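Encoded as structure tokens, the structure appears first; notes follow it.
Taken together, the values in this text are just the output of simple stated rules run on the coordinates, not laboratory data. This is a predicted model, so every value here is computed, not measured. All Cβ positions, even for glycine, are placed from backbone atoms using ideal geometry, and neighbour counts span all protein chains on display.
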């Protein structure tokens, strides 16, 4: 994830059959096990996304502005995180990976960009 300048990575992206993803955002790191989004806000926004699984491809993707995510941390403690903005988008993106979806499945204006 770091070598490719990513901000999130789901286990199944690297061939691990586990419901876990890691995220780094605004200097904070998360390792979330068995994550479930329990609430999506009605308020949506559209932003450009990319993905380490689909290098150099970007597209506009609508997502909920706010989410509530429940998961277990690395110590096995159940946690609940209320997220908004970019962190909410990352949680939705990584949860989609664990459910077998890629951002390009629903993205608009997909294009290739040199990095």
Out of 104, 90, which single residue is in contact (Cβ under 8 Å) with a residue 60 or more places away in the chain and under 21 Å from residue 1 (Cβ atoms)?
90
Inside the stretch 58-78, can you point out the residues that are more than 16 Å from the chain's Cα centre (by Cα) and over 17 Å from residue 94 (Cβ atoms)?
75, 76, 77, 78
What are the residues in the stretch 1-21 that are touching a helix residue (DSSP H, G or I) at 6+ places or on another chain (Cβ under 8 Å) and surrounded by fewer than 17 Cβ atoms within 10 Å (Cβ to Cβ), if any?
17, 18
